[in-house]
Amino acid sequence: MIIGLPNNIYCLELGSMGNFIYLIHDRCSNRTAVVDPAWDVSSIIALSEQHSLEITDILLTHSHYDHINGVEVLLNHSDAQLHLLKAEAEFWDSYLDLPTLHEGGDFIKLGKTNIEILHTPGHTPGSACYRLGNKLLTGDTLFVFGCGRCDLKGGDPERMYYTLRRLCEHLPGDTVIMPGHNYGIIPNSTMAEQISGNPFLHFDNCPDFVEYRMRLNNREEPYGPETST
């Protein structure tokens with residue numbers, strides 16, 4: 001659990017691909033948002049019940065199966081409000097009729113907790129990161145000393161390059177990176193540490209990044225099979 005005012009962030013590691021599922025709890029209202037529910041919804045529900053959390057919202061960073069396969073079960077359990085970027089709903093071709101589709105720069109108000117939505121395309125067209133103060137939930141956009149694959153459906157290495165540059169240029173160094181998978185030597189890191197040591201952030205031009213991302217460093221592991229990430 002990561003504690004900050006006025007919210008707590010709980011984290012579960014679930015599934016064979018080391019997915020991190022986050023629960024954002026607004027202590028003032030008891031409203032709780034689950035980020036990328038997948039694999040073992042019973043564990044998510046058990047954690048919420050252990051801490052008497054009311055699940056009211058679901059936030060999706062993107063629509064790949066390993067991040068969304070628990071959505072329907074959790075919706076049936078909690079009748080939560082589902083949030084994702086409009087660009088991702090169009091790519092996914094699902095939930096296009098939601099009243100809560102968002103654009104980059106929007107805010108989700110969870111009680112007294114303001115969650116900023118960053119549009120971070122590259123892994124998918126509508127990938128999103130969620131920012132709460134100095135914490136950034138990055139999904140499959142930015143990992144600890146890595147970044148998301150761009151060779152899967154919807155991936156675009158050029159867009160990923162410019163997404164990562166924007167994150168480097170606009171986020172304070174003490175921003176805590178909280179990724180969607182446990183692929184690093186530590187579960188989370190700071191933006192300053194990533195700028196210093198993440199090889200994907202060390203390119204000054206797009207073609208070199210694309211070559212590195214798509215050919216020189218495009219091993220399957222630890223990112224899992226193409227049908228799942």
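Points worth noting:
Every residue, every condition in (1) in a loop (DSSP other than H, G, I, E, B); (2) free of Cβ contacts under 8 Å to residues at least 60 places away in the same chain; (3) touching a Pro at 6+ places or on another chain (Cβ under 8 Å); (4) at positive phi, yes or no:
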site: ARG131; (1), (2), (3), (4): no, yes, no, no
site: CYS150; (1), (2), (3), (4): yes, no, yes, no
site: TYR161; (1), (2), (3), (4): no, yes, no, no
site: ARG166; (1), (2), (3), (4): no, yes, no, no
site: PRO172; (1), (2), (3), (4): yes, yes, no, no
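- Taking the criterion of being in contact with a Lys or Arg (Cβ under 9 Å, 6 or more places away or on another chain) and crowded, with 18+ Cβ neighbours inside 10 Å, the residues of segment 148-175 that qualify are ARG149, CYS150, GLY155, PRO157, MET160, TYR161, LEU171, THR175.
- Single match in GLU88, GLU116, GLU72 (criterion: surrounded by fewer than 20 Cβ atoms within 10 Å (Cβ to Cβ) and either under 15 Å from the mean Cα position of the chain (by Cα) or part of a strand (DSSP E or B) (or both)): GLU116
- Taken over segment 187-228, the criterion of being modelled with pLDDT under 65 and either within 22 Å of HIS170 (Cα to Cα) or in contact with a Gly (Cβ under 8 Å, 6 or more places away or on another chain) (or both) is satisfied by PRO222, TYR223.
- Filter result (under 19 Å from LEU14 (Cβ atoms) and not aromatic (Phe, Trp, Tyr)) within segment 173-195: MET178, PRO179, GLY180, HIS181, ASN182, GLY184, ILE186, PRO187, ASN188
- With respect to the conditions (1) out of contact with any strand residue (DSSP E or B) (no Cβ under 8 Å at 6 or more places or on another chain); (2) surrounded by 17 or more Cβ atoms within 10 Å (Cβ to Cβ), PHE145 falls short on a single one, namely (1).
Here is a yes/no grid of residues against (1) at pLDDT 95 or above; (2) outside any loop (DSSP other than H, G, I, E, B):
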| residue | (1), (2) |
| --- | --- |
| MET17 | no, no |
| PRO37 | yes, no |
| ILE44 | yes, yes |
| SER63 | yes, no |
| LEU82 | yes, yes |
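- Of all residues in segment 91-111, those that are part of a loop (DSSP other than H, G, I, E, B) have Cβ atoms under 8 Å from Cβ atoms of residues that are surrounded by 11 or more Cβ atoms within 10 Å (Cβ to Cβ) and small (Gly, Ala, Ser), 6 or more apart or on another chain, in SER94/SER63; TYR95/ALA89; LEU96/ALA89; LEU98/ALA89; GLY104/ALA128; GLY111/SER29.
The values are calculated or read from the model by the stated rules, or taken from the named source; none is laboratory data. The structure displayed is predicted, hence computed values, not measured ones. Neighbour counts run over all protein chains shown; Cβ positions are idealised from the backbone, glycine included.
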